[in-house]
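Enquirer: Handing you this structure, nothing more for now.
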Amino acid sequence: HSIEEVADMATDKLISVSNTAPEPIRVQAHAFRERCKKVIAYYMQEAVSNHTCTVCNELEKQGHKDLANIIRRL
């Protein structure tokens, strides 16, 4: 799954909006849900980037600079 798909799944688990809620509340809840999804996706992307950086740094420490460069390009 992509980061956006996982963020959407997480948001579905965290936030649900009733179809029977009054219109202004439902609109606000949907806006909040979308904002939460964007925040989750952003921090997931940060986690992936930081993990990749950590892996590449460790590979370089162990003398595998070529492999680290391949991983960075993924």
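Every number in this text was worked out from the coordinates using simple rules, so none of it is lab data. For clarity, every value in this text was computed on a predicted model and none was experimentally measured. So basically every Cβ, Gly included, is an ideal-geometry build from the backbone, and we count neighbours across all protein chains shown.
Enquirer: Could you give the size of the charge dipole of the chain about its Cα centre, using +1 on the Cβ of each K and R and -1 on the Cβ of each D and E, expressed in debye and rounded to the nearest 20?
Expert: Here the size comes out at about 120 debye.
Enquirer: Given Cα pairs under 8 Å that are at least 6 residues apart, what percent is the relative contact order of the stretch 1-47?
Expert: Relative contact order for the stretch 1-47 comes out at 56 percent.
Enquirer: Could you work out how far helix 3-14 tilts from the main Cα principal axis of the chain, as a 0 to 90 degree angle to the nearest 10?
Expert: It is inclined by approximately 40 degrees.
Enquirer: Would you kindly derive the ³J(HN,Hα) couplings of the stretch 66-71 from the backbone phi angles with the Karplus curve 6.51 cos²θ - 1.76 cosθ + 1.60 (θ = phi - 60°), listing them in order in whole Hz, with x for Gly and Pro?
Expert: Whole-Hz 3J(HN,Hα) from phi for the stretch 66-71: 5, 5, 4, 5, 5, 5.
Enquirer: Next up: As I understand it, the value is the acute angle between the Cα axis of helix 23-61 and the longest principal axis of the Cα atoms of the chain; what does it come to in degrees, rounded to 10?
Expert: The angle comes out at about 10 degrees.
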